[in-house]
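Read the structure below first, then the notes.
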Amino acid sequence: MSSDSGKTLVLTGASRGIGHATVKRFSAAGWRVITVSRQAFSEDCPWEGGEENHVQLDLADMEKLPAGIEEMRKRLRDGKLHALVNNAGISPKLPGGKRMSSLETDYADWLKVFNVNFFATILLARGLVKELQAGGGSIVNVTSIAGSRVHPFAGTAYATSKAALAGLTREMAHDFAPLGIRVNAIAPGEIETKILSPGTDEIVRRDIPMHRLGKPEEVASTIYFLCSPQASYVNGAEIHINGGQHV
C-alpha cells in the first residue's frame, strides 16, 4: 500500500484535461479523490469508485454552494481533508471561439466567471477549513499564464479572475498558515488538452522556449508535489508550468 493510503483530496473541475490527470496521479498514490463538477459523473472517467465519490455542483451558483460544501463534508469518513485543489475554471468566448475583450464582456459574464474562478475558491476553503486543519491539509489554486499577460485566446474576465486568484493565494497563504494549512498556486501555460484554440501552434513556435505543449500529467505531478511532505515549507508560491513561456 502507498504511504498516502487513507488521505483524501477534494478536486474541482475534474471532468477533463488537468483534472483527469490529477485524479489519476493522486489515485495512483493511494489517495481517495472526491471530485466536484457541474456535470454528473461521466462514464468516460476511468477511475474506480468515481461515481460514489462525485459531488455534482455548479460553482457559479452561490446559493447552492453551502449545501455542496456540506455534501463534501459528509463524504469525509474521519472528518479530515488532506488537500483541496481548486482547478475549476470557465472562460466564455465570442462566436467562433474568439477572445471576449473588456469591451465585449457584459456583467452577467463577469459575475459567472468570478463566481467560479475566484469566489468559489475562497468559499470552499473557508467552508472546509476545520477539515483541512484536522488533516494538516494543503490547498492548491490553479491560476494561469493569462493572469499575468494579455493572452490571444483567454478573455478579459478569465484573465483578471486568474490575476485576482494569484493575489488571493498570497493572502490565503498568510491567513491559513497558522492553522497548519499551506496554500500555493500553479500557473499553467499551453497544455495539451481537447480545448486548445486554433493558433496555439504559433504560440508554441514563437513564445515557448521548449517548443512544445505541456502535458496534463506534468501539471498533475506539480500539484501532487505541492500536496506532499516534500513541499512542507512551500507556502504562498505560484509555480509556472509553461515551458518558459513567462520569461
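Among the residues of the range 134-145, is there at least one that is over 26 Å from Gly236 (Cβ atoms), crowded, with 18+ Cβ neighbours inside 10 Å, in contact with a Leu (Cβ under 7 Å, 6 or more places away or on another chain) and not aromatic (Phe, Trp, Tyr)?
To start, the set of residues in the range 134-145 that are over 26 Å from Gly236 (Cβ atoms) comprises none.
No; the residues of the range 134-145 include none that is over 26 Å from Gly236 (Cβ atoms), crowded, with 18+ Cβ neighbours inside 10 Å, in contact with a Leu (Cβ under 7 Å, 6 or more places away or on another chain) and not aromatic (Phe, Trp, Tyr).
Right, Thr169: over 22 Å from Arg32 (Cβ atoms), part of a loop (DSSP other than H, G, I, E, B) and of a type outside the set (A, V, I, L, M, F, W, C) or not?
On the way: over 22 Å from Arg32 (Cβ atoms): yes; part of a loop (DSSP other than H, G, I, E, B): no; of a type outside the set (A, V, I, L, M, F, W, C): yes.
Spelling it out, it is not the case that Thr169 is over 22 Å from Arg32 (Cβ atoms), part of a loop (DSSP other than H, G, I, E, B) and of a type outside the set (A, V, I, L, M, F, W, C).
Looking at the range 71-93 only, could you name the residues that are without any contact (Cβ under 8 Å) to a residue 40 or more places away in the chain and either crowded, with 17+ Cβ neighbours inside 10 Å or farther than 29 Å from Thr222 by Cβ (or both)?
Within the range 71-93, Lys74 is the sole residue that qualifies.
Ala14: under 19 Å from the mean Cα position of the chain (by Cα), at pLDDT 90 or above, part of a loop (DSSP other than H, G, I, E, B) and closer than 27 Å to Gly180 by Cβ, yes or no? Let's see the steps before the verdict.
Values: under 19 Å from the mean Cα position of the chain (by Cα): yes; at pLDDT 90 or above: no; part of a loop (DSSP other than H, G, I, E, B): yes; closer than 27 Å to Gly180 by Cβ: yes.
Answer is no for this residue.
Okay, residues lined up against (1) touching a strand residue (DSSP E or B) at 6+ places or on another chain (Cβ under 8 Å); (2) in a strand (DSSP E or B); (3) touching a residue at least 60 places away in the same chain (Cβ under 8 Å); (4) under 29 Å from Glu71 (Cβ atoms):
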| position | (1), (2), (3), (4) |
| --- | --- |
| Ser102 | no, no, no, no |
| Ala108 | no, no, no, yes |
| Leu111 | no, no, no, yes |
| Leu123 | no, no, yes, yes |
| Ala154 | no, no, yes, no |
| Thr160 | no, no, no, no |
| Asn184 | yes, yes, no, yes |
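When the residues of the range 94-113 are narrowed to those that are more than 19 Å from Ile145 (Cβ to Cβ) and under 21 Å from the mean Cα position of the chain (by Cα), which ends up surrounded by the fewest Cβ atoms within 10 Å (Cβ to Cβ)?
Of everything passing the filter in the range 94-113, Leu111 is surrounded by the fewest Cβ atoms within 10 Å (Cβ to Cβ).
Considering only the range 202-232, state which residues are over 12 Å from Val140 (Cβ atoms) and touching a strand residue (DSSP E or B) at 6+ places or on another chain (Cβ under 8 Å).
Of everything in the range 202-232, those that are over 12 Å from Val140 (Cβ atoms) and touching a strand residue (DSSP E or B) at 6+ places or on another chain (Cβ under 8 Å) turn out to be Leu213, Gly214, Lys215, Pro216, Glu218, Ser232.
On the given criteria, is Glu190 under 30 Å from Gly96 (Cβ atoms), of a type in the set (Asp, Glu) and touching a residue at least 24 places away in the same chain (Cβ under 8 Å)?
Numbers: under 30 Å from Gly96 (Cβ atoms): yes; of a type in the set (Asp, Glu): yes; touching a residue at least 24 places away in the same chain (Cβ under 8 Å): yes.
So Glu190 passes the test.
Looking at Val150 and the list (1) β-branched (Val, Ile, Thr); (2) within 16 Å of the chain's Cα centre (by Cα); (3) under 26 Å from Tyr107 (Cβ atoms), which single condition is not satisfied?
Every listed condition holds for Val150 apart from (2).
One line per residue, one yes/no per condition, for (1) closer than 20 Å to Gly147 by Cβ; (2) not in a loop (DSSP other than H, G, I, E, B):
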residue	(1), (2)
Glu202	no, yes
Arg212	no, no
Val219	yes, yes
Ile223	yes, yes
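Restricting attention to the range 1-11, report how many residues are modelled with pLDDT of 95 or more and charged (D, E, K, R).
Our first condition is that a residue be modelled with pLDDT of 95 or more; within the range 1-11, this holds for 7-11.
From what's left, charged (D, E, K, R): 7.
Residues flagged as modelled with pLDDT of 95 or more and charged (D, E, K, R) within the range 1-11 amount to 1.
The rows are residues; the columns are (1) in contact (Cβ under 8 Å) with a residue 60 or more places away in the chain; (2) of a type in the set (A, V, I, L, M, F, W, C); (3) within 19 Å of Val140 (Cα to Cα); (4) crowded, with 19+ Cβ neighbours inside 10 Å.
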position: Thr12; (1), (2), (3), (4): yes, no, yes, yes
position: His20; (1), (2), (3), (4): yes, no, yes, yes
position: Lys24; (1), (2), (3), (4): yes, no, yes, no
position: Phe41; (1), (2), (3), (4): no, yes, no, no
position: Glu52; (1), (2), (3), (4): no, no, no, no
position: Leu57; (1), (2), (3), (4): no, yes, no, yes
position: Glu63; (1), (2), (3), (4): no, no, no, no
position: Ala67; (1), (2), (3), (4): no, yes, no, no
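The values are calculated or read from the model by the stated rules, or taken from the named source; none is laboratory data. Please read these numbers as outputs of a predicted model, since none were measured by experiment. Please note: Cβ atoms are built from the backbone with ideal geometry, for glycine as well, and neighbour counts cover all protein chains shown.
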